[in-house]
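The values are calculated or read from the model by the stated rules, or taken from the named source; none is laboratory data. Computed from a predicted model, the values in this text were never measured in an experiment. Don't worry about glycine lacking a Cβ; one is built from the backbone with ideal geometry, like all the others, and counts go over all protein chains shown.
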Amino acid sequence: MPGGWGGGPAGTIFADDKIIHSGRWSARIERHPNSPSQFSTITKSIPIDFSGATIELRGFLRTEDVDNFAGLWMREDGESPSLAFDNMQSRQLKGITPWTEYVIKLPVHPEAKQLFFGVLLAGSGKAWADDLQLLVDGRPVWEAPKAVRAKTVFDDDREFDAGSRVSMNELTNVQIDNLVLLGKVWGFLKYYHPSITSGDRHWDYDLFRVLPAVLEARDHSSANAALSNWTDKLGTVNPCDPCVKMGDADLQFGPDLDWISDARVLGADLSHSLSKVRDNRSGRQFYVSKIPGVGNPSFNHELAYADIKLPDFGYQLLALYRFWNIVEYWSPYRDVMGEDWNRVLAEFIPRIALAKNPDSYKKELLALVAKANDGHANVWGSLDIRPPAGKCQLPVNVRFVENLPTVSGFTSPKPNDNVALEIGDIVTQLDGVPISRLIESWKPYYADSNEAARLRDIGRAMTRGECGDTTVEVRRGGQQLKIKVERVPPPPVDSGSYTHDLPGPTFRLLSKDVAYLKLSSVKSADCAHYVEEAAGTKGLIVDIRNYPSEFVVFSLGSLLVDSEVSFARFTEADLSTPGAFHWSNVVTLTPQKPHYSGKVVILVDETSMSQAEYTSMALRAAPGSIIVGSTTAGADGNVSPFALPGGLRTMISGIGVFYPDKGPTQRIGIIPNVQAKPTLAGIRAGRDEVLEEAVRQIVGEQVPRKDIENMANPHP
C-alpha cells in the first residue's frame, strides 16, 4: 500500500517502482475477475477547514486492459453524505491508455466538512496513478485560507444524539390520525415559522420533544391542544411590515395550505396560530436554499444520523416526515404525482415508524419514495433491499419486449456449456413462481415516473436471488421449457449495459448518406468535428438511447439550428412562499458554426432519462428534426439530494422542465414523432429495428429493406 494512503480491498493496491510517470514510485490498482468487491480505491481524506470556490484534483493516469472504467474521484461530506461527488465514470477511461493528465473539479460546498479523494478502478485491469495534486482555486490546498465556520444550533443541542427515546410497538387509529396532523404541522412550521427558518431551533429534536404528548393524547382535541401549546412556545410571531407576498404574474401553482384554516379539524386555537405564522412569514430559510445559477433547492441542514441504532420509532418517523414535507413543499411535480399525498402520509406512519429492523425500515422507505412517482427519487445505496433481493443473478440481460420479459443479451460472452438460455427467450416463471405474479409484488418498491421506466428497472433486477442453481421457465417459439441455470455474482456495473445504442465508436458514417452519433461517449469539445465529418450526408442520427457522457445541449444543439429557437422553460420553487412554483424564461439555442443542414433524427427509449430527455428536447428544436423510438423515462430537472436518518440518501427532481408552451414532460416523457420499438422477432434476429426506422426516415422507402438493415446493423 502506498505510504500515507488507505483503500482496498486488500491485495489490489500496490506501490510500483517499475512503471512511473516521474520520481521513484507510482500507485497501482490491479484487479482480476475474481477480485473481491466490484471496484478498488486508493483513498485519502482531509478536513475541509479551508475556504475557496473550487477544489481540483489533478494527476496522471495510465491504464491497461481496463474493462469497466478507471478515474480520479472526490467526494465532499458534511452532516449529509455526498454533498458533491465525481469519479470520472462518465469519461469511460478504459482499455489501454498512455500516461495522461486528468482533472476533476468540485465547488466547495458550504456545508462540507470532510474531503475524500483518490483513484479508483471498477471491473478488471490495471491502472497507475502518479503526480497527484490537490488545489483550491488553483493553489496547493495547504496555501488555501483557513475557513471560519459559524456555529449552528446543531453544535449546541445534543439532547437526542443517542436516540429519540420514543418507543412504540403498535399504534391506534387515533394515534395515527394525530401523527398525520403532527407531520403536517411540523413540516409547515419548519418552512414558515421565523424561529425555525432563522436556524434558532434544532427542529428534528423539537419533534422528539413534542412527540410523547401527541402519542399520549386520548383524542383529536387533546392532540390539537398539545400542538397549539407547542406552537405558542416557539415565540411571538410579530406582524410583518411589509409582508412577503406570493407573486401571481408567473405563478404555476401555490402551496396547499387550505387545511390550516379548517378550525373544525385543528381547533380554533391551533388554526389561528398557524394562520398567523402563514400570514406573517419572513421569507428567509435555514433548511433550504437554492443552487446558484440553476435554481433547484439545496437541503442544507438535513442531518443523516448515520450512527443512530435502529429500530428507533422517533427517527424512523422523522424520516417519513422529512421526505413527505420535502415533496409537499419543494417538488416541482407535486401536482402530477398521481397520489393522494395526505393518504400516503397516513398509510406509511405505522409502516415506517414501527419497522422492526434496519432492513424492513429501508424497504418501507423504498415503498414510500416510490409513491412520489419521480424517477430521480430512490433510497440510493440501499437498492440491495429492493425485491428481488440476493447477491447473485442470472448471467443475462432482461428487457421488456412487446411487454414481455425477454432475454436480450448476456452479461458476459455466453458460456455455452452452462447457460442454456437464448436471446429471445420469454421468461414465464422464476423459482416456480409465475413471473407476472412476481412483477406485481415488486412494482410498489420501484421508484419511477412511468411504467416504461419501472419495467426497465425491474428487467435489470428481476433475475436476482440466492447464489447457485435455480429453475427458469421460458417460452421459446411455441415451446415451454424448464431450464436449470446458475445465479452468479454480477459483473461490475457498466453503464454500457444500460444503453441500446451501437457498440463501437462515438461517430461513424453508416453510408455516404447517413451519419451516426451516440451520446453515451460523446465529447462536448468534439461536437464541431462530428458535424464537419457529417457534412454532405442527407441525415444525422443522434442516438440518445443512453445517458450522455457529457452535457452537449448547447455545444451540439447550436450547430443544428439556423436561427435562434426556444426549446424549454423551467419552474422554480419560491423560498419566500414554500409550496409555490413560478415560471422562468424560455431557454434558447443560438446558431453557431459549422452548421449541419441535413435532416436530424433523434433516437430515444426507456433508457433515455433526465439529461437525455432534456437533450432530446433541445435537438428536437432544430428545423426538420424528428424523434424516433418510444416513450422515455419521464424524469427531468436538476436533482436535489438529501439525507434520511440511518445514513440513507435520496433525492427529488429539483426544477420543473417543460416545453416553451408550458407543455409537461414529467411522467409523460418525450413522445416520439415516429413510434418504433424492438420486436421479439427483431431481438432474436439481432436487429436494431429502431435504428432501421431512423435510417428509413433519412433515405426513404425507395431504398431496399435489406440495404437499410445492413446500414442499421453494421457488423463490429
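Annotations
- Residues in the range 579-619 that are crowded, with 24+ Cβ neighbours inside 10 Å and under 30 Å from R281 (Cα atoms): F581 only.
- Filter result for N34 (surrounded by 18 or more Cβ atoms within 10 Å (Cβ to Cβ) and in the same structural domain as K113 (by TED's automatic domain parsing)): no
- Positions within the range 273-288 being hydroxyl-bearing (S, T, Y) and surrounded by 16 or more Cβ atoms within 10 Å (Cβ to Cβ), in sequence order: S273, S282, Y287
- Within the range 686-716, considering residues that are among the acidic types (D, E) and in contact with an Asp or Glu (Cβ under 8 Å, 6 or more places away or on another chain), the one surrounded by the most Cβ atoms within 10 Å (Cβ to Cβ): E692
- Pick from the range 130-167, criterion of a type in the set (G, A, S) and touching a Gly at 6+ places or on another chain (Cβ under 6 Å), ranking: modelled with the highest pLDDT: S164
- Residue in the range 39-47 that is in a loop (DSSP other than H, G, I, E, B) and surrounded by 13 or more Cβ atoms within 10 Å (Cβ to Cβ) present: no
- Among the residues making up the range 239-296, a single one is touching a Ser or Thr at 6+ places or on another chain (Cβ under 7 Å) and aromatic (F, W, Y): F286.
- From the list R278, R351, R322, R343, the lone residue that is in contact with a Gly (Cβ under 9 Å, 6 or more places away or on another chain) and outside the structural domain of L644 (by TED's automatic domain parsing) is R322.
- Filter result (in a loop (DSSP other than H, G, I, E, B) and surrounded by 14 or more Cβ atoms within 10 Å (Cβ to Cβ)) within the range 210-234: A217, L234
- The range 109-204 holds helices (runs of 4 or more DSSP H) entirely within its bounds, and those carrying 1 or more residues that are small (G, A, S) map to 173-192, 194-197.
- Test: residue in the range 632-646 that is of a type outside the set (A, V, I, L, M, F, W, C), within 22 Å of S555 (Cα to Cα) and surrounded by fewer than 24 Cβ atoms within 10 Å (Cβ to Cβ): yes
- Test: residue in the range 275-285 that is modelled with pLDDT of 90 or more, under 30 Å from V336 (Cα atoms) and in contact with a Lys or Arg (Cβ under 6 Å, 6 or more places away or on another chain): no
- Tally of residues being of a type in the set (K, R) and either modelled with pLDDT under 95 or assigned to a loop (DSSP other than H, G, I, E, B) (or both) across the range 515-570: 3
- Criterion: assigned to a helix (DSSP H, G or I) and either at pLDDT below 95 or not aromatic (F, W, Y) (or both) - qualifying residue of N300, N325: N325
- K94 meets the conditions (1) assigned to a strand (DSSP E or B); (2) within 25 Å of the chain's Cα centre (by Cα); (3) buried (at least 17 other Cβ atoms within 10 Å of the Cβ); (4) touching a residue at least 40 places away in the same chain (Cβ under 8 Å) in every case but one. The failed one is (4).
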